[in-house]
Amino acid sequence: MPTYEYSCEDCGKRVNIFFLSIKKAQEEAPRCPACGGGKLTRLISRFSTVRASSAGPDQGGDVPGLSELESGDPRSIARWMRKMSDEVGQPIEPEMEGVLDRLESGEDPEKIESEMAGPEDKPGTEGP
């Protein structure tokens, strides 16, 4: 579930946009959540890496919580996303807060994705 950072040419704000999958991020044209504009430029976001304390200078350490994330538990996905938001100092957008709340309650990520998808994204339906 990637979050990408953009600069909006319409309102000048720097915004984060959450996509339910990498495929969606590649297929959908992002809209500015602040003004609704479509003139967005994708930015290179800040990131950090974490090493295990036992890792030497040339050894990569495990990313904390990654093994739990790979279990597929919706709660662990939400915890990991909140932790990463804290780590990079980026606030979670309101729409994403709702998704994380649903994941923390144990809802199926695919169900959440299908409910959030527009009609043009659902199989067997056509857009306007």
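Please treat every number below as a calculation from the coordinates, not as lab data. In this text, all values refer to a predicted model and were calculated from it rather than measured experimentally. Cβ sites come from the backbone with ideal geometry, for glycine too, and all protein chains shown count toward neighbours.
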**Report entry** Karplus (6.51, -1.76, 1.60) ³J(HN,Hα), θ = phi - 60°, over region 93-98, in Hz, Gly and Pro reported as x
**Finding:** 5, x, 4, 5, 4, x
Report task. Would you pull out the residues with amide H under 5 Å of LYS13's amide H, same chain only if 5 or more places away, H placed 1.01 Å from N? Result -> CYS8
**Report entry** Integer Hz, Karplus 6.51/-1.76/1.60 couplings in order for region 83-92, x for Gly and Pro
**Finding:** 5, 5, 4, 5, 4, 8, x, 9, x, 8
Report summary line: Taking R0 as 35 Å and r as the Cβ-Cβ distance between ASP108 and CYS35, the FRET efficiency 1/(1 + (r/R0)^6), rounded to the nearest 0.05, comes to 0.60
Report summary line: Cα-based Rg and Dmax for region 1-46, in Å, come out at 9.9, 27
